[in-house]
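The values are calculated or read from the model by the stated rules, or taken from the named source; none is laboratory data. This is a predicted model, so every value here is computed, not measured. Quick reminder, even Gly has a Cβ in these numbers, built from the backbone with ideal geometry, and neighbours come from all protein chains shown.
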């Protein structure tokens, strides 16, 4: 709940034209905010976007992997040529057009914002291209914010020069968690301007001129009472081929950014949260195998670490199959094929084909070594 008095300079309701000093407390839209920079109040939204105000106490962050610590898909540069490609868990990059005007996303380990270990590095390939980093909020989080004042923010650094970054939020009012592409332009949007597809509404945008020094960009908006999902966009909107380093993404209730904190207490719990949307099996694992179909075919199961948002898409890397082995009463066998035969949000059942016959109904163990881009089991239920 909002605080009403923290014992600092209590100035009552925020008022345009009033002089505020660092540490002064004011009330806006029923929320308590604290002054960070001495100033004379102008337009509230402009003052917030200038970094003059912050929520007076910590508030829940609704964005996942907001410190960009989790990278299950890998940390290397990934290129989006005609559709969205994911980098850090829950975050993807969307190119403006097909082909050469594409976008990329990767982990950044240098030139970081103070107190962070990684940043999200995204941007276009070449000049005259736009792109956006995005995260889609699930319906249960969105519905909890219906009708409320909300602020989204992040720290941005531009590498290569000075260029604009636009913070924008879209509301989806169609069937919950069944979003389509948000622009009628192929593949998604030209950004300046673009035409929203049916059931999407822009809730506002704020543009910042960003240089190499990190600066906070934010946008305050009201969540519509019929919104089922929110799409958070950090848009690189320039014809220059620069790169955007992004840190400490935040979405909190209230009319100003809150003190940064991740959605969960630590990296381990943040990883568990990300498993709801994407999980890759890595390392060595043994699965109980039942060759009840025939002497060369049977099944095994994979129980997910966290219940998925929806029944996920399962992919099996080619090297996973080549390296898999059957151990059982009939001895050692190679594996010719592995395919998912039944998938639920809780787990998947696979059918495995042995390279040579084993005694039927005697069972055994399937051993899998996984870890590289072609050597993985993946469960993907991301938007």
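Which residue is surrounded by the fewest Cβ atoms within 10 Å (Cβ to Cβ), if the candidates are limited to region 306-318 and must be out of contact with any strand residue (DSSP E or B) (no Cβ under 6 Å at 6 or more places or on another chain) and in a loop (DSSP other than H, G, I, E, B)?
Selected residue: 307.
Within region 354-383, the residues that satisfy the criterion of being at pLDDT 90 or above, more than 22 Å from the chain's Cα centre (by Cα) and buried (at least 19 other Cβ atoms within 10 Å of the Cβ) are 354, 358, 364, 366. Of the candidates 180, 173, the single residue that is touching a strand residue (DSSP E or B) at 6+ places or on another chain (Cβ under 9 Å), modelled with pLDDT under 95 and surrounded by fewer than 17 Cβ atoms within 10 Å (Cβ to Cβ) is 180.
Please work out if residue 113 is buried (at least 17 other Cβ atoms within 10 Å of the Cβ), assigned to a loop (DSSP other than H, G, I, E, B) and in the same structural domain as residue 217 (by TED's automatic domain parsing). For residue 113, the condition - buried (at least 17 other Cβ atoms within 10 Å of the Cβ), assigned to a loop (DSSP other than H, G, I, E, B) and in the same structural domain as residue 217 (by TED's automatic domain parsing) - is met. Name the single residue that is nearest to residue 268 (Cα to Cα) among those in region 71-87 being buried (at least 17 other Cβ atoms within 10 Å of the Cβ) and either without any contact (Cβ under 8 Å) to a residue 60 or more places away in the chain or under 10 Å from the mean Cα position of the chain (by Cα) (or both). Ranking the candidates gives 71 first.
If you check residue 321 against the conditions, is it in contact with a strand residue (DSSP E or B) (Cβ under 9 Å, 6 or more places away or on another chain), in a loop (DSSP other than H, G, I, E, B) and at pLDDT below 95? Considered against the rule, which asks whether it is in contact with a strand residue (DSSP E or B) (Cβ under 9 Å, 6 or more places away or on another chain), in a loop (DSSP other than H, G, I, E, B) and at pLDDT below 95, residue 321 comes out as no. Taking region 249-294 as the range and being assigned to a helix (DSSP H, G or I) and buried (at least 17 other Cβ atoms within 10 Å of the Cβ) as the test, the residues that pass are 270, 271, 273, 274. Residues in region 116-127 that are touching a strand residue (DSSP E or B) at 6+ places or on another chain (Cβ under 9 Å), modelled with pLDDT of 95 or more and in a loop (DSSP other than H, G, I, E, B): 116, 118.
Being assigned to a loop (DSSP other than H, G, I, E, B) and either at pLDDT 95 or above or crowded, with 17+ Cβ neighbours inside 10 Å (or both) holds for only one residue in 190, 198, 246, 225, and it is 225. Take the conditions crowded, with 20+ Cβ neighbours inside 10 Å and in contact (Cβ under 8 Å) with a residue 24 or more places away in the chain and apply them to residue 327. Does it pass? The answer is no for residue 327. Looking at 157, 100, just one residue is in a strand (DSSP E or B) and either at pLDDT 90 or above or not assigned by TED's automatic domain parsing to the domain that holds residue 47 (or both), and that residue is 157. Of all residues in region 31-55, those that are in a strand (DSSP E or B) and within 27 Å of the chain's Cα centre (by Cα) total 3.
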